[in-house]
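The values are calculated or read from the model by the stated rules, or taken from the named source; none is laboratory data. For clarity, every value in this text was computed on a predicted model and none was experimentally measured. Every residue, glycine as well, gets a Cβ built from its backbone with ideal geometry; the counts of neighbours run over all protein chains shown.
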Amino acid sequence: MTTTTTETNPRFDSSARTDRDAFAHRYIPESSSWTKPFPPDEPSENATGLHDRPPELVESFRCLLISGRDEIFEDGMESEFSKNLIDLIKKYGNDALAELAYFIVYEKVSAEVTGEALRWLGLMDHPLSYHWRLWLLERSLSSRSARIRDGAVLGLAFLDDPDAIPYVRQAADREPVKELRSDMEQVLVQLESGLRGHSS
Amino acid sequence: MQDLRTDSNTISVWHIVDDHGNKDRIIAALAATRQQATNFDYFLLEEHYIREINIRIVETQGNSPDNGINSWHRDLVELSAEKLMALAKVIQQHAQIERILDKDISHFLAQAMLAGRFDAKKINLTSAVLAKIIKGIGDQQLEPT
């Protein structure tokens, strides 16, 4: 039987799944000096809270995102940017994701660099940060930039998680760029075929 | 314009036959030159549009891992900034832009490997990606018919 669900993921803060902006404002205040903890049921490889984040993390991200502006990105090819991004996420776990989310959600970085970051969030293999990566990709489908929405939908295609179906469907329904809408629909078909595979 | 990168005023393209019979094979070969089996974005443009803007098309041997397709390689040569702008314009107006998602690319790569079409020395896929594709082939072969 084929089923499509919009059920919330119990491992996720429920407000994140129903009111994404409220979630962003609760957990991603417009300041890089974070004081609020991650949702308590979020997986975190670090025992420390955000207020204890390593001080070099903010600076590392600033340098990474600035240097990324000078790179030319190619599909399917690693870049200095992608290698350093993955290293930071593997080293600092969800703290790194939160820092990246701040830059992306508040559009502090170019669409080109953000798109590359989102594609690699989908490609990288790091189970401990999975839910934050999924959330950030889903959230980025609402970006004002078509390039960022494209990076987000590609990242979700790489993750291939049917949980993203309702978000991709909503994004496709409101997508004003014809080609991008078609790309989103293509990803929907892939995700829904995965759902059929799981339920059969 | 960002995607039209030239090398010595030349852009490398591939000739697709009328029935598109060589298209998937060319895509597989080009995908194998990357590190990751990710999405593959491309455009299809009728050759006459290129000739109409006075861009010269030269048959040159490709350097893909699949020797069987390298004769379909072409170079668009002597590209000035003006010609490049004109090319960008005809692509925007007349090209068919398409995307193949990573899952299908992995499938194309697996098929090409099973058929023994690749020169291993020219493949750039990382060992992790290769292992995943080979595992996929193994799983497929183990599936009951």
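Candidates in segment B:71-81 are the residues that are modelled with pLDDT of 95 or more and part of a helix (DSSP H, G or I); of these, the one that is nearest to residue A:161 (Cα to Cα) is B:72. Answer with yes or no whether residue B:39 is of a type outside the set (D, E, K, R) and farther than 21 Å from residue A:75 by Cβ. Spelling it out, it is not the case that residue B:39 is of a type outside the set (D, E, K, R) and farther than 21 Å from residue A:75 by Cβ.
Residues checked against (1) away from chain A (no Cβ under 14 Å); (2) touching a Phe, Trp or Tyr at 6+ places or on another chain (Cβ under 9 Å); (3) not small (Gly, Ala, Ser):
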residue	(1), (2), (3)
B:22	yes, yes, yes
B:27	no, yes, yes
B:40	no, yes, yes
B:53	yes, no, yes
B:61	yes, no, yes
B:68	yes, no, no
B:71	yes, no, no
B:74	yes, yes, yes
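Applying the criterion of at least 2 residues that are farther than 20 Å from residue A:103 by Cβ, hydrophobic (A, V, I, L, M, F, W, C) and within 12 Å of chain B (Cβ to nearest Cβ) to the helices (runs of 4 or more DSSP H) found wholly in segment A:131-200 leaves A:146-159, A:178-199. One residue alone among A:86, A:104, A:66 is within 14 Å of chain B (Cβ to nearest Cβ) and either over 16 Å from residue A:150 (Cβ atoms) or at pLDDT 90 or above (or both), and that residue is A:86.
Of the residues making up segment B:23-70, those that are part of a loop (DSSP other than H, G, I, E, B), loosely packed, with under 13 Cβ neighbours inside 10 Å and without any contact (Cβ under 8 Å) to a residue 40 or more places away in the chain are B:54, B:61.
The condition (being exposed (fewer than 14 other Cβ atoms within 10 Å of the Cβ), free of Cβ contacts under 8 Å to residues at least 40 places away in the same chain and within 14 Å of another protein chain (Cβ to nearest Cβ)) is satisfied by just one residue among B:96, B:92: B:92.
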